[in-house]
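The values are calculated or read from the model by the stated rules, or taken from the named source; none is laboratory data. What you see is a predicted model, and the numbers here were worked out from it, not measured in a lab. Positions of Cβ are generated from backbone atoms using ideal geometry, with glycine treated the same way; all protein chains shown enter the neighbour counts.
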Amino acid sequence: MAKKESTLFNMVFSLVVVAILSSSVLGYVYEITKEPIAEALKAKKAKAIREVVAEFDNNPVEDMYKIPTVDATDSLEIYPAIMGGTNVGNAIRTYSPNGYSGNVWLMVGFMPDGTINKISVLEHKETPGLGSKMNDDKFKNQFLGKNPADFNLKVKKDGGQVDALSGATITSRAFGQAVQQAYDSYMKGGKHE
Amino acid sequence: MNNVQTITKGFIKENPVFVLLLGMCPTLGVSSSAINGLGMGLATTFVLLMSNMVISLVKGFIPDKVRIPAYIVIIASFVTVVDLVMAAFAQEVHEQLGIFIPLIVVNCIVLGRAEAFASKNNVVSSALDGLGMGLGFSFALTMLGIIRELLGNLSFFGIKLVEADGILLFILPPGAFIALGFLIAFVNRIKKTA
């Protein structure tokens, strides 16, 4: 087939046709994937909450409320876990901006008295193989069952009680800070009655 | 060139990564584990296959002077489709690959094949070319991923083989260059004897 002449009309016309066709295909795909994407995000959040708090029978994602951070510059999302009408724990979505690259986002589960139940890493951009090891149980388990009231969340190098990951002190520090921020905000007024 | 050659040339003879040295950015960026390499490779394969087919279908209707913008719009649409579908149905891999999925648009392999092959050949051979090139790209990325994961993390497709730390260098970008260099040398050797 002979190529079309590159006249102004032909050029404009063919580009318009290409653009219209592409955008209709995209609109269609967007419509059919919108639901599954929202579902997947919700399921991911629910899974993180289930991982860090005791068993519950409410819907923490729907019961979510926000608490201000200690310095009141931002707010954290808190997901209460309720079993048979009593608060059995709270999952707090917290972060630290002081990671090696970008924010470190954690989901920290507290028991009602402020003891750390479990921690799950939501999102981070730390170095693979170094900072990313904060997701290993070996590192995370040292926080379990500790109450930040008598457990210093700073790394040992800074006078605290946290064993830093080798080669990733900055990440370990950010991890501790994120947990500390969640704890402080929670104890300061985020408690669910 | 017959159809079988069109599809197999992407593996060794004209492998986009090892021989043509195209698409280095995603190659080095996402090949830190075998599964990431494979995911990226398959996403690119889909885009290559679809865009090659569509471009060879519409080549007669697009005036020469605006062909590149038209090709890019077509490629970008398929990449967005892949991006949305992966976000919906393969959340884990999508998160790992992150920014590299939208960047398939500017992967030189895709536009390269559109310009060098699909705009001059019929639909069937363009589809085969896209498939072959895509599979060659996946093959290269997976090989690189397997090697880097094995040396850097002592695991194979996420399964830990030995409970110990690997050579960290291979997970980091410099390790990607070193591993790629050795693979290219190896492929050159095979090409010479073959």
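Going by the conditions given, is B:ASN121 farther than 21 Å from B:ALA43 by Cβ and touching a helix residue (DSSP H, G or I) at 6+ places or on another chain (Cβ under 9 Å)?
Spelling it out, B:ASN121 is indeed farther than 21 Å from B:ALA43 by Cβ and touching a helix residue (DSSP H, G or I) at 6+ places or on another chain (Cβ under 9 Å).
Can you tell which of A:LEU122, A:LEU106 is under 12 Å from the mean Cα position of the chain (by Cα) and either within 14 Å of another protein chain (Cβ to nearest Cβ) or not in a strand (DSSP E or B) (or both)?
Numbers: A:LEU106 fails: either within 14 Å of another protein chain (Cβ to nearest Cβ) or not in a strand (DSSP E or B) (or both).
Checking each option against the conditions leaves just A:LEU122.
If I ask for residues that are crowded, with 18+ Cβ neighbours inside 10 Å and either within 11 Å of A:VAL18 (Cβ to Cβ) or within 9 Å of chain A (Cβ to nearest Cβ) (or both), which ones from the range B:56-65 would you list?
Going residue by residue through the range B:56-65, those that are crowded, with 18+ Cβ neighbours inside 10 Å are B:56, B:58-59, B:62-63.
Result: B:VAL58, B:LYS59, B:ILE62, B:PRO63.
Residues of the range A:134-164 being over 16 Å from A:ALA178 (Cβ atoms) and within 14 Å of another protein chain (Cβ to nearest Cβ), which ones?
Scanning the range A:134-164 gives A:ASP136, A:ASP137, A:LYS138.
What do you reckon, is B:SER31 within 13 Å of the chain's Cα centre (by Cα) and within 14 Å of chain A (Cβ to nearest Cβ)? Let's see the steps before the verdict.
Details: within 13 Å of the chain's Cα centre (by Cα): yes; within 14 Å of chain A (Cβ to nearest Cβ): yes.
For B:SER31, the condition - within 13 Å of the chain's Cα centre (by Cα) and within 14 Å of chain A (Cβ to nearest Cβ) - is met.
Among the residues of the range A:141-165, write down those that are buried (at least 17 other Cβ atoms within 10 Å of the Cβ), over 21 Å from A:SER185 (Cα atoms) and not small (Gly, Ala, Ser).
A:LEU165
Just one of A:LYS44, A:LYS34 is of a type in the set (Lys, Arg) and either closer than 23 Å to A:SER132 by Cβ or facing chain B (nearest Cβ under 8 Å) (or both); which is it? First the steps, then the outcome.
Values: A:LYS34 fails: either closer than 23 Å to A:SER132 by Cβ or facing chain B (nearest Cβ under 8 Å) (or both).
Within the list A:LYS44, A:LYS34, the selection yields A:LYS44.
Right, B:PHE100: within 15 Å of the chain's Cα centre (by Cα), more than 10 Å from every other protein chain (Cβ to nearest Cβ) and aromatic (Phe, Trp, Tyr) or not? Quick ask: steps written out before the conclusion?
Working: within 15 Å of the chain's Cα centre (by Cα): yes; more than 10 Å from every other protein chain (Cβ to nearest Cβ): yes; aromatic (Phe, Trp, Tyr): yes.
Against the criterion (within 15 Å of the chain's Cα centre (by Cα), more than 10 Å from every other protein chain (Cβ to nearest Cβ) and aromatic (Phe, Trp, Tyr)), B:PHE100 qualifies.
Test of understanding: among A:ALA178, A:ALA182, A:ALA168, A:ALA91, which residue is crowded, with 22+ Cβ neighbours inside 10 Å, of a type outside the set (D, E, K, R) and within 14 Å of another protein chain (Cβ to nearest Cβ)?
Numbers: A:ALA178 fails: within 14 Å of another protein chain (Cβ to nearest Cβ); A:ALA182 fails: within 14 Å of another protein chain (Cβ to nearest Cβ); A:ALA91 fails: within 14 Å of another protein chain (Cβ to nearest Cβ).
Among A:ALA178, A:ALA182, A:ALA168, A:ALA91, only A:ALA168 is crowded, with 22+ Cβ neighbours inside 10 Å, of a type outside the set (D, E, K, R) and within 14 Å of another protein chain (Cβ to nearest Cβ).
Could you please find all residues in the range A:3-23 being more than 7 Å from chain B (Cβ to nearest Cβ) and not in a loop (DSSP other than H, G, I, E, B)?
Initially, the range A:3-23 is screened for residues more than 7 Å from chain B (Cβ to nearest Cβ), giving A:7-9, A:12-13, A:16-17, A:20-21, A:23.
Once the filter is applied, which keeps residues that are more than 7 Å from chain B (Cβ to nearest Cβ) and not in a loop (DSSP other than H, G, I, E, B), the range A:3-23 yields A:LEU8, A:PHE9, A:VAL12, A:PHE13, A:VAL16, A:VAL17, A:ILE20, A:LEU21, A:SER23.
Within the range A:50-71, does at least one residue satisfy the condition of being of a type in the set (Phe, Trp, Tyr), part of a helix (DSSP H, G or I) and surrounded by 11 or more Cβ atoms within 10 Å (Cβ to Cβ)? Before the answer, list the steps.
Within the range A:50-71, the first condition is being of a type in the set (Phe, Trp, Tyr), and the residues that meet it are A:56, A:65.
Adding the requirement that they be part of a helix (DSSP H, G or I) leaves none.
There is no residue in the range A:50-71 that is of a type in the set (Phe, Trp, Tyr), part of a helix (DSSP H, G or I) and surrounded by 11 or more Cβ atoms within 10 Å (Cβ to Cβ).
For the condition modelled with pLDDT of 90 or more and more than 30 Å from A:PHE9 (Cβ to Cβ), what is the one hit in B:ALA76, B:ALA43, B:ALA34?
B:ALA43
What residue, among those in the range B:106-116 that are assigned to a helix (DSSP H, G or I) and either in contact with a Ser or Thr (Cβ under 8 Å, 6 or more places away or on another chain) or crowded, with 18+ Cβ neighbours inside 10 Å (or both), is farthest from the other protein chains (Cβ to nearest Cβ)?
We begin by selecting, within the range B:106-116, every residue assigned to a helix (DSSP H, G or I); these are B:106, B:108-116.
Then drop every residue that is not either in contact with a Ser or Thr (Cβ under 8 Å, 6 or more places away or on another chain) or crowded, with 18+ Cβ neighbours inside 10 Å (or both), which leaves B:109-111, B:113-114.
On the way: B:ILE109: 20, B:VAL110: 15, B:LEU111: 15, B:ARG113: 18, B:ALA114: 13 Å.
Filtering the range B:106-116 for residues that are assigned to a helix (DSSP H, G or I) and either in contact with a Ser or Thr (Cβ under 8 Å, 6 or more places away or on another chain) or crowded, with 18+ Cβ neighbours inside 10 Å (or both), the one farthest from the other protein chains (Cβ to nearest Cβ) comes out as B:ILE109.
Mind checking which residues of the range A:72-88 are assigned to a strand (DSSP E or B) and either farther than 18 Å from A:GLN181 by Cβ or among the charged types (D, E, K, R) (or both)? Let's see the steps before the verdict.
Within the range A:72-88, the subset assigned to a strand (DSSP E or B) is A:75-83, A:86-88.
Result: A:GLU77, A:PRO80, A:ALA81, A:ILE82, A:MET83, A:THR86, A:ASN87, A:VAL88.
List pairs: first in the range A:7-19 and on the phi < 0 side of the Ramachandran plot, second modelled with pLDDT of 90 or more, Cβ under 7 Å, 6+ apart or cross-chain?
Short answer, once both residue conditions are applied: A:SER14/B:ALA70; A:LEU15/B:PRO69; A:LEU15/B:ALA70; A:VAL18/B:ALA70; A:VAL18/B:VAL73; A:VAL18/B:ILE74; A:ALA19/B:VAL73.
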